[in-house]
1. Using only the Cα atoms of the stretch 4-72, what semi-axes does the equivalent ellipsoid have when each is the square root of 5 times a gyration tensor eigenvalue? Give whole Å, largest first.
2. At a Cα cut-off below 17 Å, give the aspartates and glutamates reachable from Lys101, other chains included and same-chain residues fewer than 8 away excluded.
3. Roughly how tilted is helix 133-142, in degrees to the nearest 10 and between 0 and 90, from the longest Cα axis of the chain?
4. What's the percent breakdown of Cα-Cα distances in the chain across 10 Å bins, shortest bin first?
5. Between the helical axis of 60-72 and the dominant principal axis of the chain, each derived from Cα atoms, what acute angle in degrees is found, rounded to the nearest 10?
6. Using a ≥ b ≥ c from the Cα gyration tensor of the stretch 77-142 (square roots of the eigenvalues), is it rounded, prolate or oblate, where a/c under 1.5 gives rounded and otherwise the larger of a/b and b/c decides, a/b for prolate?
7. Evaluate the distance, in nm, between pseudo-label points positioned 7 Å from the Cα of Val42 and of Asp88 along their respective Cα→Cβ axes.
8. Over 32 Å between Cα atoms: which of Lys43/Lys96; Lys52/Lys103; Lys92/Lys117; Lys85/Lys117 fall into that group?
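Every number here is computed from the coordinates shown, using simple stated rules; none is lab data. On a predicted model such as this, the values are computed, not experimentally measured, just so you know. So basically every Cβ, Gly included, is an ideal-geometry build from the backbone, and we count neighbours across all protein chains shown.
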Amino acid sequence: MFDQFQIQEFKEAFTIMDQNRDGFIDKEDLRDTFAALGCVNVKNEELEAMVKDAPGPINFTVFLTMFGEKLKGTDPEETILHAFKVFDTEGKGFVKADFIKEKLMTQADRFSEEEVKQMFAAFPPDVCGNLDYRNLCYIITHGEEKD
């Protein structure tokens, strides 16, 4: 499911979250992790819901399995493509980056300026300001660029 590098990255994340170093992530570990990130008013019910997402105590194996299931939960590539095609009225396979930026910052779960910058840093538009959404969709669903 994951390569060795990814497993090591997940292990580091697990170790950071396992605040009491008992080999399991529980509600208190989550509360401490949120506090370390500056979120001190997390409701008890939210923490309980997070822990209940697991089929049992959250050791590293369960943690890794949960991430695998979440990653598989990404919308299928075709679904994401259809979302972009709505904006590609000429069927060229790209949309103007400025247009996508405006939509991301003004619609639904709005992106901040910083989030848009991060997205374009990871996947920059071409010199004409076009965003190749087909390749972007592939990266979102497969994790690497096509050759």
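1. Numbers: eigenvalues 78, 40, 25 Å².
For the stretch 4-72, the semi-axes come out at 20, 14, 11 Å.
2. In chain and number order, the partners are Asp88, Asp109, Glu113, Glu114, Glu115, Asp126, Asp132.
3. Its long axis makes an angle of about 20 degrees.
4. Cα pair-distance distribution for the chain, in percent: 10, 28, 28, 25, 9, 0.
5. 20 degrees
6. Numbers: a/c = 1.31, a/b = 1.28, b/c = 1.03.
It is rounded, given that a/c, with a ≥ b ≥ c, falls under 1.5.
7. 3.8 nm
8. On the way: Lys43/Lys96 41 Å; Lys52/Lys103 35 Å; Lys92/Lys117 24 Å; Lys85/Lys117 22 Å.
In this structure, Lys43/Lys96; Lys52/Lys103 exceed 32 Å between Cα atoms.
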